[in-house]
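Q: Pasting in a structure now, in structure tokens, and then I'll have a few things to ask.
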Amino acid sequence: MTAVFPAVPLPGTVLGGDRPARLIDDITAWVDSSAMAALLREFGYAPLPGGPLAQRLAALEQISAKRWDYRGGLLERSQAVGEYFEPTVDAQIRSAARSLGLAGRSTPLRRQYDHVLVLGGGVRTMMARAHLAATILREGVSASSVAGLGSLRVLDGQGGIVRELGLGECVTEFDAVDEALRHAFGAAAGADQRSGETETGQPWLVRSYPDLRPPMHALAAPSMRPGQRANTADTLTGWAEFVQETRVGRRLLLVTTDVFVPFQHCDAVRLLGLRYGCEVETVGFDNASNSWVEPTETFLILQEVRSAIRAMQALYQAVAYNES
């Protein structure tokens, strides 16, 4: 029989009291959860040793690097090579992952947000995320703006999908973000556009639809690491720098894929919560039963548990640094 574990709140989802201390408590609860202990046990690892949280996070990261890094440290997610699990083991992994926030987090806790941020991806992924954001707003959640966060990285092999879905050309992730948002929210093609380069020569682009309600923006964020594509952290930072001037103290709802919720949530808390005092909540579409995308394989769920561990580690280090 598959064990069912209680859901573990993600850091910063519910704020109160001393915020840095609350964040550390939330990270500790996630690391020390019964779901994480069961996941470790399933792969032959003993419970994490006692000691400072930094040491336990480091130990957990080392385990994840050894056992759950199917990308070999460098590969794109689409290039990951995994393994098959027997049904009972598969069910246990998925149950633990759900408790840790990698599933079942598609409904917002609140009814009002200042900004909805739809995180970028490939064409099918963007369609799923954009339509979840549109559904949330149409069902009564309010926001003063919607922004899709992407980059200028080239998307390979998307032509057939684009034609199948009846979208405009999607050469880059930015194109996929823009097309999916327009499809989901019913925006016309006309838009305002701004572009430029950072001090290091990295291009950025913002396309806005001010007549839509709420107003909508699509961002191609610059990479903060020359020679590498913009990642989630870059797009979050890009939103704060190039899209939304009044971001301090805002209430944000991030929309993504369920398996990415924990790591992208932690990145947002670190980059927008700690820096600007934003309140962050993150939801993700149900990857197991979505019409736009195929269900996520179990080994890829474990890969994203590793991503979550690393994001928790980065968030803890940022909190500890701010407190020192």
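Q: Would it be correct to say that Gln158 is crowded, with 18+ Cβ neighbours inside 10 Å and more than 19 Å from the chain's Cα centre (by Cα)? Step through it out loud before you land on a result.
A: Working: crowded, with 18+ Cβ neighbours inside 10 Å: yes; more than 19 Å from the chain's Cα centre (by Cα): yes.
Against the criterion (crowded, with 18+ Cβ neighbours inside 10 Å and more than 19 Å from the chain's Cα centre (by Cα)), Gln158 qualifies.
Q: Taking Glu304 as meeting all but one of (1) crowded, with 19+ Cβ neighbours inside 10 Å; (2) at pLDDT below 95; (3) of a type in the set (Asp, Glu), write down the number of the exception.
A: (2)
Conditions (1) farther than 29 Å from Arg250 by Cβ; (2) buried (at least 18 other Cβ atoms within 10 Å of the Cβ); (3) basic (Lys, Arg); (4) within 18 Å of the chain's Cα centre (by Cα), marked per residue:
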{"position": "Arg270", "(1), (2), (3), (4)": "no, yes, yes, yes"}
{"position": "Leu274", "(1), (2), (3), (4)": "no, yes, no, yes"}
{"position": "Gly277", "(1), (2), (3), (4)": "no, no, no, no"}
{"position": "Gln313", "(1), (2), (3), (4)": "no, yes, no, yes"}
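Q: Run down Asp69, Asp114 and say which single residue is over 22 Å from Pro295 (Cα atoms) and charged (D, E, K, R). Explain how you work it out, then say what you get.
A: On the way: Asp69 fails: over 22 Å from Pro295 (Cα atoms).
The unique qualifying residue is Asp114.
Q: Now, a different point. Considering the stretch 282-324 alone, what residues qualify as being among the polar types (S, T, N, Q) and part of a helix (DSSP H, G or I)? Before the answer, list the steps.
A: We begin by selecting, within the stretch 282-324, every residue among the polar types (S, T, N, Q); these are 282, 287, 289-291, 296, 298, 303, 307, 313, 317, 322, 324.
Once the filter is applied, which keeps residues that are among the polar types (S, T, N, Q) and part of a helix (DSSP H, G or I), the stretch 282-324 yields Asn287, Ser289, Thr298, Gln303, Ser307, Gln313, Gln317, Asn322.
Q: Still on this model: Working only within the stretch 224-258, note down all residues that are of a type in the set (A, V, I, L, M, F, W, C) and part of a helix (DSSP H, G or I).
A: Here is the first cut: in the stretch 224-258, the ones of a type in the set (A, V, I, L, M, F, W, C) are 224, 230, 233, 236, 239-240, 242-243, 248, 252-255.
Answer for the stretch 224-258, where residues must be of a type in the set (A, V, I, L, M, F, W, C) and part of a helix (DSSP H, G or I): Ala233, Leu236, Trp239, Ala240, Phe242, Val243.
Q: Does any residue of the stretch 172-183 turn out to be loosely packed, with under 15 Cβ neighbours inside 10 Å and either assigned by TED's automatic domain parsing to the domain that holds Leu272 or under 26 Å from Val280 (Cβ atoms) (or both)?
A: From the stretch 172-183, those loosely packed, with under 15 Cβ neighbours inside 10 Å are none; that's our starting set.
Scanning the stretch 172-183 turns up no residue that is loosely packed, with under 15 Cβ neighbours inside 10 Å and either assigned by TED's automatic domain parsing to the domain that holds Leu272 or under 26 Å from Val280 (Cβ atoms) (or both).
Q: Condition first: in a loop (DSSP other than H, G, I, E, B), in contact (Cβ under 8 Å) with a residue 60 or more places away in the chain and over 25 Å from Glu86 (Cα atoms). Now tell me which residues in the stretch 15-65 satisfy that.
A: Across the stretch 15-65, the qualifying residue is only Leu15.
Q: Given the conditions (1) among the hydroxyl-bearing types (Ser, Thr, Tyr); (2) touching a helix residue (DSSP H, G or I) at 6+ places or on another chain (Cβ under 7 Å); (3) under 30 Å from Leu40 (Cβ atoms), report the number of the one that Thr125 does not fulfil.
A: (2)
Q: Looking at the stretch 134-189, which of its residues are modelled with pLDDT under 90 and either under 29 Å from Arg110 (Cβ atoms) or in a strand (DSSP E or B) (or both)?
A: Answer for the stretch 134-189, where residues must be modelled with pLDDT under 90 and either under 29 Å from Arg110 (Cβ atoms) or in a strand (DSSP E or B) (or both): just Ala187.
Q: For the stretch 190-223, name all the residues that are in a loop (DSSP other than H, G, I, E, B) and either in contact with a Ser or Thr (Cβ under 7 Å, 6 or more places away or on another chain) or surrounded by 21 or more Cβ atoms within 10 Å (Cβ to Cβ) (or both). Can you show your working first?
A: Our first condition is that a residue be in a loop (DSSP other than H, G, I, E, B); within the stretch 190-223, this holds for 190-191, 198-202, 210-215, 221-223.
Scanning the stretch 190-223 gives Ala191, Gln202, Pro214, Pro215, Ala221, Pro222, Ser223.
Q: In addition: Give the residue, chosen from Phe285, Phe299, that is buried (at least 21 other Cβ atoms within 10 Å of the Cβ) and out of contact with any Cys (no Cβ under 6 Å at 6 or more places or on another chain).
A: Values: Phe299 fails: buried (at least 21 other Cβ atoms within 10 Å of the Cβ).
None of the other options fit; the residue is Phe285.
Q: Mind checking which residues of the stretch 85-102 are in contact (Cβ under 8 Å) with a residue 12 or more places away in the chain and not in a helix (DSSP H, G or I)?
A: Keep residues of the stretch 85-102 that are in contact (Cβ under 8 Å) with a residue 12 or more places away in the chain, which gives 85, 88-102.
Of everything in the stretch 85-102, just one residue is in contact (Cβ under 8 Å) with a residue 12 or more places away in the chain and not in a helix (DSSP H, G or I), namely Phe85.
Q: Contact list please: Cβ distance under 6 Å, first residue in the stretch 190-212 and at negative phi and free of Cβ contacts under 8 Å to residues at least 60 places away in the same chain, second residue surrounded by fewer than 12 Cβ atoms within 10 Å (Cβ to Cβ) and not in a strand (DSSP E or B), pairs at least six apart or on different chains.
A: Close Cβ pairs satisfying both conditions: Thr200/Pro226.
The values are calculated or read from the model by the stated rules, or taken from the named source; none is laboratory data. Predicted, not measured: the structure shown is a model, and the values here were computed from it. Reconstructed Cβ throughout: ideal geometry from the backbone, glycine too, with neighbour counts over all protein chains shown.
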